[in-house]
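Throughout, read-outs are computed from the coordinates displayed, never taken from laboratory work. Just so it is clear, the structure is predicted and the values come from calculations on it, not from any experiment. Reconstructed Cβ throughout: ideal geometry from the backbone, glycine too, with neighbour counts over all protein chains shown.
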Amino acid sequence: MSHESSRVTPIAMATDSGNDESLTELHSDNHSVSQTDVVLDADVTRTQSLPNSDKYSAGTVDVEKAVQLELHPEVAEGGWRSWLVVFGAFLVQAATLGHITAFGVYEAYYKEIRLSQTSPSAISWIGSTQFGLMFGLSLVTGPLVDAGRFQLLLYGSTILYATCEFTLSLTKPEKFYQVFLAQGLGMGIAMALSYTPSVIVLGYYFRTQKRALAMGIATCGVAAGGIVQPIMLNNLVSHGVSFANTVRYNAAVNTAMLLIASLIMRDPRSKADLTIKKAKVNIGAFFRDVRYVLLVVGGFGVSYALFFPAVYIQLFSFTKGLPQTFSFYSLSILNGASLMGRAIPGVIADRYTGPIPMIIAMACGVSVTIFGFLGIRDQSVGGVTAVAIVFGFFSGGFSSLLAPTFASTTKNEGEIGARIGIAVALGGAIPCLISPPINGALLTNEYHWNRPVYLCAAFTVTGTILMLIERAIHYSWFRRTKRQGAVRSFSPTENSSEMSAKMALEEEADVKIDIANRT
């Protein structure tokens, strides 16, 4: 096929002042591309007969298939290799954030026994430092994944994680600085090296379909770890196992999960693909994208409230006079409910709404449910259970949709890591770093629970409003470009993720056409 016969003509263009977005339809000279799939490579352009496809309107190049055929069959979207990597990401999530969600167990144990002379606010800095580093270092790990350093990050995480958690078992009672260095600082850095990268890499396997589902299944590892690890820690300690041995058993389990993930997870991109992507990332443009900024700041507000139950629900149950056995399981109930929340909304987002409308629905649920903590009476097992289940579902859904939400805002696959990394760092690291200490200071040793609840409610309601404003801007842009005749077949309700994916694939195809024509 000559370069002339493969020439394409842009026939529609739309520009968004915030994003500088462009939508391009590609037509061939003979108007017969609806039955021809153009496979674009850096060195060669060829044709392959394919049946008619209704993925795009007649006369439009099926870029999704063109890009997918560059991948090996086992790596193509939905292949066995893709789902194996999802399982690896599940294990990473269980060992990292799944372990941190069990910090409520440590919080209660440290306050009652091991660090009894330390204030709740100071103890909470251990957990918040873990959270803050894990999310904050996404500013670094996200671009490193884009640059092809995923495997190096995963290996480094496994080694450092094992070293620091086993070191935690050697710390002495009432030695706050030892616990802080091993658990807060060391394990926080170790988790950061694998937590966000394990989700980002899924974006390279699932480009257009089932992305929210795949990322949702992976983040179910957080809920699974959050169910198993608190039960494991509580039962070992309550049956007379020493703190040192309890931590060692837990370290062995987490290290094993990271080792398995290191063996089965791979970055599917070729070196040539990485070279093309690297030159196209413009981080400064992210902050000129008003919609992206609104989502990040809105995510900050909602995320502030998510860490209150994760850190304090077990202590909350203790102070409300609930049986000790139930208090041990309160955190597992919360995380068990989040398991369903991480799976179901992802399916709905992929099939019907897109990730952004669905994450807003989850944010609304969090905003309403946080007030439920104010109505729980003393010794009310049913009250704590009900609030834990409902809050767990909505918080799990919100957390699982963060990555696909920010991935859906990109026009270029090479920006996925940077966009998710920056969003997680700014929208997740700061609130998780400041939320537990501030809430602990408001709580005081007299346990005034209404104070932190009101503050969390203010943050999450504000964040939800900002995300709703983003949707209003999106619909306004859609209607404006629709009137100008520049939008082809995208629906404003649906599929913001699919629209962004198609735009990304078309832009990628344009780059490869240009390379092929020049050679």
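A few notes on this one:
- The range 355-418 and the range 159-197 have Cα centres lying 28 Å from one another.
- Packing-based order for 300-312, 346-358, using average beta carbon neighbours within 10 Å, highest first: 300-312, 346-358
- Net dipole in debye of the range 80-479 [+1 Lys, Arg Cβ; -1 Asp, Glu Cβ; about Cα centre; nearest 20]: 900 debye
- Taken along the Cα-to-beta-carbon direction at a fixed 7 Å, the label points for Arg451 and Ala472 span 3.5 nm.
- Rel. contact order, % - alpha carbon contacts under 8 angstrom, at least six apart, the range 80-479: 29 percent
- Ranked list, fewest to most other Cβ atoms within 10 Å of each Cβ, for Leu258, Leu322, Leu181: Leu181, Leu322, Leu258
- Exposure proxy shown here: for Val390, Val241, Val296, the number of other Cβ atoms within 10 Å sets the order, fewest to most, as Val241, Val390, Val296.
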